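**Student:** Would you mind keeping the following structure in view while I ask a few things?
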Amino acid sequence: MKTLLLSDIHGNLEALNAVFDFLKSNNIVWDKVVCLGDYVDYGPNPNEVIEIIKGLNGLCLLGNHDKALIDKGEREYFSDVALKCSLWTESVIKPDNLEFLKNLSPSHKDDEILFIHASPVNPIWHYVYDYKDAEEVFKYSREKIIFLGHTHIPSYFCRYNARLYGGYVSAEYMKLKLFDNARYIINPGSVGQSRDGIKLATFGIFDKKDMIFEWFRIPYDSYKTKEKILKEGLPKTLLAYL
């Protein structure tokens, strides 16, 4: 059973299409897809992204930017740029796509695996950036594997007995073998807005049978995305992430 994991697409249609073009051209197959939330904001194509995701018939989770369209109180925690993007998305989101977001949950548990947007500490807002954050999650939860997004940075943390190791994944491709006597927090990275200085679309594939996780970073037509952002009048500071 292979699971394609996508997270933090953020309205970036070119990046999302590039992921599927890459998978097709490299004959990479999967059995199911899990989307860890944040389909909207920052990018100029929230409706198109949501419509593609709906067509995958996979497990879709709710992110903090998605929730802000449903509960405007969530915008209290947004930066000025995030707020401007959320207000713009609200002005263009189609009613049926908004309804789709309203029906999503931020987490889903499957046996010893937890899929969640942010972390068990707070499914919508808790960031897992470093060892301290990971340790808090391991103490708070009991699942063997936790797949999460939210930081836009591909990473993993492993708890093995009293030892904690892992960190950011900067390679364009990396494979991780998961062992039975360890616990893991795994972030596939962001499809639509990388935040570690490597301006590529990032996603992952989990092979449950062989217990292997793979990270992929791929190029996409970021110039086209940038042109759309400027055309829609979205903040120019967004261009720095593309």
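The values are calculated or read from the model by the stated rules, or taken from the named source; none is laboratory data. Computed from a predicted model, the values in this text were never measured in an experiment. Glycine also receives a Cβ, built like all others from the backbone with ideal geometry; neighbour counts cover every protein chain displayed. Please note that ligands, DNA and RNA were not included when accessible areas were found on the heavy atoms of the full protein model with its side chains. Shrake-Rupley method; radii C 1.70, N 1.55, O 1.52, S 1.80 Å.
**Student:** For residue 72, which aspartates and glutamates qualify as cross-link partners when the Cα separation must be under 20 Å and same-chain residues fewer than eight apart are set aside?
**Tutor:** Filter leaves 8, 38, 41, 80, 90, 96, 99.
**Student:** Sticking with this one: Among the chymotrypsin sites (Phe, Trp or Tyr not before Pro) in segment 39-141, which ones are in a DSSP loop with at most 11 other Cβ atoms within 10 Å of the Cβ? Mind listing them?
**Tutor:** Taking segment 39-141 and a limit of 11 other Cβ atoms within 10 Å, no loop chymotrypsin sites (Phe, Trp or Tyr not before Pro) are found.
**Student:** Find, among the GluC sites (Glu not before Pro) in segment 91-139, those assigned to loop by DSSP (not H, G, I, E, B) with at most 14 other beta-carbon atoms within 10 angstrom.
**Tutor:** 112
**Student:** In whole angstrom, how far apart do the alpha carbon centroids of segment 182-242 and segment 18-33 sit?
**Tutor:** Spelled out, the Cα-based centre of one part sits 15 Å from the other.
**Student:** Suppose each label sits 7 Å from its Cα in the direction of the beta carbon; what would the residue 231-residue 90 distance come out to in nanometres?
**Tutor:** 2.6 nm
**Student:** Kindly identify segment 122-242 as rounded, prolate or oblate by the Cα gyration tensor criterion: order the square roots of the eigenvalues as a ≥ b ≥ c, call it rounded if a/c is under 1.5, otherwise compare a/b with b/c, prolate if a/b is larger, else oblate.
**Tutor:** Judged from the Cα gyration tensor, segment 122-242 comes out prolate (a/c at least 1.5, a/b above b/c).
**Student:** Further question on the same structure: Before I look further, what does the chain give for accessible area per residue, probe 1.4 Å, in whole square angstrom?
**Tutor:** Details: 10850 Å² over 242 residues.
Solvent-accessible surface per residue comes out at 45 Å².
**Student:** On the accessible surface of the chain, probed at 1.4 Å, how many percent belong to carbon and sulfur atoms?
**Tutor:** Details: 5520 of 10850 Å².
So the carbon and sulfur contribution to the accessible surface is 51 percent.
**Student:** Once you list every other residue whose beta carbon is under 9 Å from the beta carbon of residue 153, what net charge do they have if Lys and Arg are +1 and Asp and Glu are -1? Can you show the working numbers first?
**Tutor:** Numbers: positive: 195; negative: 196.
Counting the neighbours of residue 153, the net charge comes to 0.
**Student:** Here's another thing I want to ask about it. Can you report the principal axis dimensions of the chain using only the alpha carbons, biggest first, rounded to whole angstrom?
**Tutor:** If we take the Cα atoms of the chain, the spans are 51, 41, 32 Å.
**Student:** Can you give me the distance in nm between label points at residue 172 and residue 28, each placed 7 Å from the Cα along the Cα-to-Cβ direction?
**Tutor:** 1.3 nm
**Student:** Please give me, ordered by residue number, the trypsin sites (Lys or Arg not before Pro) of segment 166-242 that lie in loop per DSSP and have at most 11 other Cβ atoms within 10 Å.
**Tutor:** Sites meeting the loop and neighbour criteria: 209.
**Student:** What FRET efficiency, computed as 1/(1 + (r/R0)^6) with R0 = 45 Å and r the Cβ-Cβ distance, is obtained for residue 52 and residue 163, rounded to the nearest 0.05?
**Tutor:** Values: r = 41 Å, r/R0 = 0.90.
Once rounded, the FRET efficiency stands at 0.65.
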